[in-house]
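Reviewing the structure listed below.
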Amino acid sequence: MWEMAVGNTFGATSLSSFGGFWIAIAIILTPGGFEIESSYTSLEFNHAFSLFLFGWFIFTTLLLLCTLSSSVAQCSIFLTLDIAFLCLALGRRYPHVSSGQTYAPHYNLTYTGGVFGMLSAFAAWYNALAGIAASNHTFFTLPVLHFPWSEHTRLQRRKMKQIEQTVSSA
């Protein structure tokens with residue numbers, strides 16, 4: 001919640017929402033706890049869980065659209081996470097019969113969703129390190145590649161224009 005204290009509404013919204021996501025996953029999938037999974041047939045549970053994941057896919061898409069005004073590094077987190085949610089939701093929506101009458105999530109879609117989830121985690125760690133390793137804290141910085149239409153790039157262009165005007169007037 002420190003993100004809200006420093007005025008970063010996007011960071012506070014995304015971090016607290018995904019914290020809630022992991023709490024919901026624990027409640028849904030922990031055996032012997034709330035027994036949510038065991039109260040459905042395997043096909044019903046896969047379909048219900050796919051709706052849950054589709055909801056997170058939609059939410060992540062909205063966050064992805066918000067990151068288009070920042071940097072490629074931040075956008076890559078939500079792009080890969082969005083693809084992960086889509087693959088995982090489709091994997092649960094279209095399960096296959098595994099043994100007897102039990103349904104297992106689609107293997108290839110679930111695997112692909114896991115790969116994109118890991119890519120999202122690596123992008124998030126890179127973004128965190130790039131934020132921590134700012135030029136006033138360390139001897140090295142990591143590039144985050146700002147979009148040409150971002151506020152950071154506009155400020156850089158203004159600075160360059162001012163420098164050019166100062167040099168040409170001297």
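Observations on the model:
- Scope the range 99-122; condition open to solvent by less than 80 Å² (accessible area, probe 1.4 Å) and over 18 Å from LEU86 (Cα atoms); matching residues: SER99, GLY100, THR102, TYR103
- Within the range 37-48, the set of residues being open to solvent by 50 Å² or more (accessible area, probe 1.4 Å) and either hydroxyl-bearing (Ser, Thr, Tyr) or farther than 17 Å from GLN101 by Cβ (or both) comprises SER38, SER39, TYR40, THR41.
- Residue in the range 135-150 that is out of contact with any Phe, Trp or Tyr (no Cβ under 9 Å at 6 or more places or on another chain) and in a helix (DSSP H, G or I) present: no
- Among the residues of the range 137-154, those that are under 17 Å from VAL72 (Cα atoms) and not charged (D, E, K, R) comprise THR141, LEU142, PRO143, VAL144, LEU145, HIS146, PHE147, PRO148, TRP149, SER150, HIS152, THR153.
- Subset tally (residues that are farther than 26 Å from VAL72 by Cβ, at pLDDT 85 or above and of a type in the set (A, V, I, L, M)) for the range 155-170: 1
- Residue within the range 154-170 that is open to solvent by less than 80 Å² (accessible area, probe 1.4 Å) and under 26 Å from the mean Cα position of the chain (by Cα) present: no
- Residue check for CYS87: crowded, with 19+ Cβ neighbours inside 10 Å, touching a residue at least 24 places away in the same chain (Cβ under 8 Å) and touching a Gly at 6+ places or on another chain (Cβ under 6 Å): yes
- Residues of the range 8-24 include none that is among the aromatic types (Phe, Trp, Tyr) and over 24 Å from ALA124 (Cβ atoms).
- Of all residues in the range 127-142, those satisfying the criterion of being out of contact with any Leu (no Cβ under 7 Å at 6 or more places or on another chain) and either open to solvent by 100 Å² or more (accessible area, probe 1.4 Å) or touching a residue at least 40 places away in the same chain (Cβ under 8 Å) (or both) are ASN127, ILE132, ASN136, HIS137, PHE139, PHE140.
The values are calculated or read from the model by the stated rules, or taken from the named source; none is laboratory data. Only a predicted model underlies this, so the values are computations on that prediction, with no experimental measurement involved. Every residue, glycine among them, receives a Cβ derived from its backbone with ideal geometry; neighbour counts consider all protein chains shown. Only protein heavy atoms, including side chains, enter the accessible area calculation; ligands, DNA and RNA are left aside. Shrake-Rupley method; radii C 1.70, N 1.55, O 1.52, S 1.80 Å.
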